[in-house]
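Have a look at the structure below before the remarks.
The values are calculated or read from the model by the stated rules, or taken from the named source; none is laboratory data. This one's a predicted model, so the numbers in the text were calculated from it and none came from an experiment. Note that we place each Cβ from the backbone using ideal geometry, even for glycine, and neighbour counts take in every protein chain shown.
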Amino acid sequence: MGFLWIALGLLVSIPLVLGAWWGFPVQDDTYLVRLLHMGGPDLVLSEHVTRPLSGWIISSFARVAGEHRFAYVLAALAAWWLLAALCARLWVQLFPEWKGGALAVALAAVAPVLTRIQFTSITTIAPCVLPVSLVLAATILLLDRAERRGRVAVGVLAAGLCVLATAISEYGLATGAAAIALLLVLRRPFPALAVGSGVAAGYALFRVISNVRIHTETDPGLQFVEIVSRPMPRPFWLLSAVWHCLVGAWAAAASEVSLEWGSRSTLVAVPAGIAIAFVVARLLGSGSASGRAETHVRRLAALAAAVASGLVPVVLIQGWPHRLVYETRWELPILAFASCATVALFYTLASARYLPAVLAVFAFVAGDRLVAGAFEQRALAADYERFGRLIRPYVQQSPGLLVLVAPEVDGQSDLDAMVKATLKWKAEEKAKFWIVRPIPATRRFGPRLGCRNPANLPLEPVDIGWPRSEGPIARILWKSSLLEPDPPEDYFQGCCGKALPGAATPSP
């Protein structure tokens, strides 16, 4: 059995490492690289006034690691393994007679299905993964020991973990709300009080040390007015969000399993998923989880309540559904509870005879999506490099700032595209380039059918946030698809051949 555990660990770790390595900087890591280019770790720290403790963690890590991806990849792997272990432990605490299900829960935590942020690193670990892990550790500690001797000491320790988690970021607050709901439905008032007091104290500290008014979405006072002004759709959004987290995300993931035999990712992802499913089936068959116990209605209800409670702030503030890939990080506070609930549904609904097969299929989907997600990062990085080579001559020949208007790619932000495309550029070239989405471009520059001088259309510094040359815009280009090979064209179509600054097309 030891060999099977090692094989499972490698089958999960390798795609996590490769996806993070191929994609770096990916998602919010591009923000870190941008800040390091602009002013180093000190600027990273000063830019996190909304989350100073999180900023201190990120800047301290960056002082040691710089832009060397190896350290970031190792940190990401360790953080996700820790979270997976905590999710598995939570399952064992809730369903001790179904211990084997911990494997499926751990896989669900690391698979990019409910959350798709597994390939980013310290910029997600510090404000998101770490607070969630701390609250989960406190909850597990309370479930394990709160009814035994010394429960007051355990409660104080758990409350301290919750204080630290919530002082780091609001993710501790959301995870705490989910944990409190779980504990109350399970009729554990003392553990719920310990988590609640710790979260309350931690958020009070967070408000003292943080300037939350910079981001209106984190200011409860401003959000209360916004929520009251249009409350009607919110309950339906919450129901949709809960359904997605318990069932919908996994159904969608199963539908995304690709069987295109000409695709390299398919040729690797499908066999890897089959291998993970085989190992899980063998481990389950060893007796760690066999048979079907009685339905645990209260525990399932507790998990559902935890998921709903943790999603309330997301739905009320951000709405539903999400649009960008990185926005799935908002489901991180309920990831452990949702994963436990989904696997518990399998145990409740499947017969003892077919349960191992059901869990093996679930493990296959998780493994396939994990490997496919790693290859997606590799393909996206290659696409951005090609885009960078295409647009670089235009930037080099531009006498000043060149703005490219183009849609986002696969839920990636403009900043992601710009940073990843310009990693190999010179500093003076990066300073002359910026990307704007079509809708903001229309607000700033007017419709494409017009004809305006770019020099009269400066971007505000708050819109740039990137080292750039002083002076006005020299040229604005349009590209209907960011990663297609077709060359860009001038943004304004109504100039009728009038010569505008920077209008020359680079020679091949």
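Being more than 17 Å from Ala201 (Cβ to Cβ) and surrounded by fewer than 23 Cβ atoms within 10 Å (Cβ to Cβ) narrows it down to one of Leu143, Leu157, so name that one. Show your work before the answer.
Working: Leu157 fails: more than 17 Å from Ala201 (Cβ to Cβ).
So the residue among Leu143, Leu157 that is more than 17 Å from Ala201 (Cβ to Cβ) and surrounded by fewer than 23 Cβ atoms within 10 Å (Cβ to Cβ) is Leu143.
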So Ala178 ticks every box in (1) in contact with a Gly (Cβ under 6 Å, 6 or more places away or on another chain); (2) at pLDDT below 95; (3) among the small types (Gly, Ala, Ser) but one. Which box is left unticked? (2)
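Looking at this structure, is Leu345 of a type in the set (A, V, I, L, M, F, W, C), under 22 Å from Val270 (Cα atoms) and outside the structural domain of Ala417 (by TED's automatic domain parsing)? Let's see the steps before the verdict.
Values: of a type in the set (A, V, I, L, M, F, W, C): yes; under 22 Å from Val270 (Cα atoms): no; outside the structural domain of Ala417 (by TED's automatic domain parsing): yes.
Here the answer is no, as Leu345 does not meet what is asked.
Please enumerate the residues belonging to segment 168-201 that are in contact with a Ser or Thr (Cβ under 9 Å, 6 or more places away or on another chain), of a type in the set (Gly, Ala, Ser) and surrounded by 22 or more Cβ atoms within 10 Å (Cβ to Cβ). Write out each step before concluding.
First pass over segment 168-201, keeping only residues in contact with a Ser or Thr (Cβ under 9 Å, 6 or more places away or on another chain): 168-170, 172-183, 191, 195, 198-201.
When the remaining residues are screened for being of a type in the set (Gly, Ala, Ser), the result is 169, 172, 174, 176-179, 181, 198, 200-201.
Correct list: Ser169, Gly172, Ala174, Gly176, Ala177, Ala178, Ala179, Ala181, Gly198.
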Filtering segment 11-59 down to residues that are of a type in the set (Gly, Ala, Ser) and touching a helix residue (DSSP H, G or I) at 6+ places or on another chain (Cβ under 7 Å), which residue is farthest from Lys432 (Cα to Cα)? Ser13
Reported set for segment 286-317 where residues are at pLDDT 75 or above, surrounded by 15 or more Cβ atoms within 10 Å (Cβ to Cβ) and of a type outside the set (A, V, I, L, M, F, W, C) is His296, Arg299, Ser309, Gly310, Pro313
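Of the residues Ser309, Ser339, Ser351, which is without any contact (Cβ under 8 Å) to a residue 60 or more places away in the chain, of a type outside the set (A, V, I, L, M) and either outside the structural domain of Ile439 (by TED's automatic domain parsing) or out of contact with any His (no Cβ under 7 Å at 6 or more places or on another chain) (or both)? Spell out the reasoning first.
Details: Ser309 fails: without any contact (Cβ under 8 Å) to a residue 60 or more places away in the chain; Ser339 fails: without any contact (Cβ under 8 Å) to a residue 60 or more places away in the chain.
Only one candidate qualifies: Ser351.
Residue-by-condition table, conditions (1) surrounded by 22 or more Cβ atoms within 10 Å (Cβ to Cβ); (2) under 28 Å from Thr120 (Cβ atoms); (3) within 26 Å of the chain's Cα centre (by Cα):
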| residue | (1), (2), (3) |
| --- | --- |
| Glu385 | no, yes, yes |
| Leu390 | no, yes, no |
| Val409 | no, yes, yes |
| Ala441 | no, yes, no |
| Gly446 | no, no, no |
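Does Leu8 satisfy the condition of being in contact with a helix residue (DSSP H, G or I) (Cβ under 8 Å, 6 or more places away or on another chain), assigned to a helix (DSSP H, G or I) and under 26 Å from Ala167 (Cα atoms)?
Details: in contact with a helix residue (DSSP H, G or I) (Cβ under 8 Å, 6 or more places away or on another chain): yes; assigned to a helix (DSSP H, G or I): yes; under 26 Å from Ala167 (Cα atoms): no.
No, not satisfied.
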So, Arg34, is that one assigned by TED's automatic domain parsing to the domain that holds Ala269, of a type in the set (D, E, K, R) and modelled with pLDDT of 85 or more or not? no
Can you list the helices (runs of 4 or more DSSP H) lying wholly within segment 360-449 that have 1 or more residues being among the hydrophobic types (A, V, I, L, M, F, W, C) and farther than 22 Å from Gln493 by Cα? 414-421, 427-430
Exclusive hit being buried (at least 24 other Cβ atoms within 10 Å of the Cβ) and of a type outside the set (Phe, Trp, Tyr), set Ala111, Ala79: Ala111
